[in-house]
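Working notes, beginning with the structure itself.
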Amino acid sequence: MYDLLIKNAKTRKNQNKVNIAIQNGKIIAIGEDVTGDSNQDIDAQGGLVTESFVNGHLHLDKVYTLQMAGEEALKEYTGGGMGGAMTGIERAADFKSSYDQSWIIPNVRKACDLAIKYGNTHIRAFADVDTKARLEGVKALLKMREEYKDRLELQVVAFPQDGVAREPGAKELVRQALELGADVVGGIPWIEFTKEEEQDHVDSMCSLAKEFDKPVSMLLDDVGDMEERTLEMLCKHSIAMGWQGRVTAQHCRAMELYPENYFRKLVSLLKKAGVGVVSDPHTGPLAARVKDLVAAGVPVALGQDDIQDAYYPFGENNMLQIAFLASHLLQLLTFDDTELLYDMITTSAARVLGITGHELVVGGNADLVVLDEEDVYHAIWYHRAPVYVIKNGKVINR
């Protein structure tokens, strides 16, 4: 007796229709001849069944706050080749003094419900930690992590967005966030004023990661400045502390401006450090060199980044929509490219975030989507909500 049996499904590996048997949250059989009784049957009707979607980067504490923060920060962040990105962050910081769980939590629920609707079952969720925001965002996200745990896995990141050297007290607040139960140590070293302070930012956050045995996820070189090198700093420190495979680099937009020789050296360093990259090309005019990174063997994920906040005015937590946008912005337009994009919101994204078992194979986790489309190309083209969303072998949305 299976818990769930998906019939008449196409998969990325099987163009013939197959059945997928699920028991105890795991995929236990895939094939044309898989039959048997089940507690629940789903007829995919020839639609594509794949792994559910993974969102590598979302500032979940900030969702739906554009009106509160104002659009001046948005203008600074996205304008002029991102030369004013730091000013944009500074302008967006003031409203955080009004952070309160009473309004953060309803906003987060709205975003999480959208995630479930669109088959997005894993999110790396950033929460600002500083003297203005205090720990309100972290506390809100920890509550939501518990509330949604059966439908959506939130990796809560303690994120000192306003800096460490620039923001006295931020280090201790990150520590407190980890003591409360935050899953990941964040960082944004390029926001500091000097190279020495950037290095201290990397060192101190990595020190906390080692002390609490946590992964690291930092926003790096997210600015139109080819002189920024904080990605290199993080890679070196990851190797030194033996944290290979537990470090994620978000954005890395300055990479688009790097000289070719330096970029190739950086790729080698990324591979040696086991650092994965998350790109959000729709939220700024620059982006990491995604296609070149993937070709070199660096794992890459896509992220929503923002939903209607001071850095991006749109967003639905729909990773198929993010892949659709990225196809244009990164010029990934061939059929092979659409397969690559789909990896970056499913299997490759899981690898970047350290999620194991997220693969549609026997023994894999039964976190799946059943789509109305029969192939990846059309799924990204139309970017519609799945017909069914399955988490831990249970249907959570239809």
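The values are calculated or read from the model by the stated rules, or taken from the named source; none is laboratory data. Please read all numbers here as calculations on a predicted model, not as lab measurements. Note: ideal-geometry Cβ built from the backbone for every residue, glycine included; neighbour counts use all protein chains shown.
Quick notes on this structure:
- Test: residue in the stretch 297-312 that is of a type outside the set (Gly, Ala, Ser) and assigned to a helix (DSSP H, G or I): no
- Test set (1) touching a residue at least 60 places away in the same chain (Cβ under 8 Å); (2) under 30 Å from residue 389 (Cβ atoms) - residue 146 fails condition number: (1)
- Annotation: of all residues in the stretch 181-240 being acidic (Asp, Glu) and more than 23 Å from residue 261 (Cβ to Cβ), the one that is surrounded by the fewest Cβ atoms within 10 Å (Cβ to Cβ) is 213.
- When the criteria are applied in full, residue 302 fails the requirement of being surrounded by 19 or more Cβ atoms within 10 Å (Cβ to Cβ) and within 18 Å of residue 89 (Cβ to Cβ).
- The stretch 259-306: number of residues that are within 17 Å of residue 348 (Cβ to Cβ) and among the polar types (S, T, N, Q): 2
- Only one of 116, 42, 123 that is in contact (Cβ under 8 Å) with a residue 24 or more places away in the chain, closer than 30 Å to residue 363 by Cα and assigned by TED's automatic domain parsing to the domain that holds residue 390: 42
- Selection count where residues are farther than 23 Å from residue 348 by Cβ, buried (at least 24 other Cβ atoms within 10 Å of the Cβ) and among the aliphatic types (A, V, I, L, M), scope the stretch 116-143: 6
- Within the set 154, 173, 180, the sole residue that is in the same structural domain as residue 198 (by TED's automatic domain parsing) and within 30 Å of residue 393 (Cβ to Cβ) turns out to be 154.
- Candidate set: the stretch 61-89, residues that are among the β-branched types (Val, Ile, Thr) and crowded, with 20+ Cβ neighbours inside 10 Å; chosen: the one farthest from residue 102 (Cα to Cα): 89
- For the stretch 351-378, a residue qualifies if it is crowded, with 23+ Cβ neighbours inside 10 Å and farther than 22 Å from residue 21 by Cβ, and the qualifying residues are 352, 353.
- Residue 316 of a type in the set (D, E, K, R), surrounded by 18 or more Cβ atoms within 10 Å (Cβ to Cβ) and not in a helix (DSSP H, G or I): yes
- Near pairs, Cβ below 6 angstrom, 6+ apart or cross-chain, from the stretch 193-215 (in contact (Cβ under 8 Å) with a residue 24 or more places away in the chain and in the same structural domain as residue 163 (by TED's automatic domain parsing)) to any residue that is basic (Lys, Arg) and part of a loop (DSSP other than H, G, I, E, B): 215/246
- Inspection of the stretch 261-272 identifies no residue that is modelled with pLDDT of 95 or more, within 16 Å of the chain's Cα centre (by Cα) and surrounded by 24 or more Cβ atoms within 10 Å (Cβ to Cβ).
- The single condition among (1) closer than 23 Å to residue 159 by Cβ; (2) crowded, with 16+ Cβ neighbours inside 10 Å that residue 294 does not satisfy is (1).
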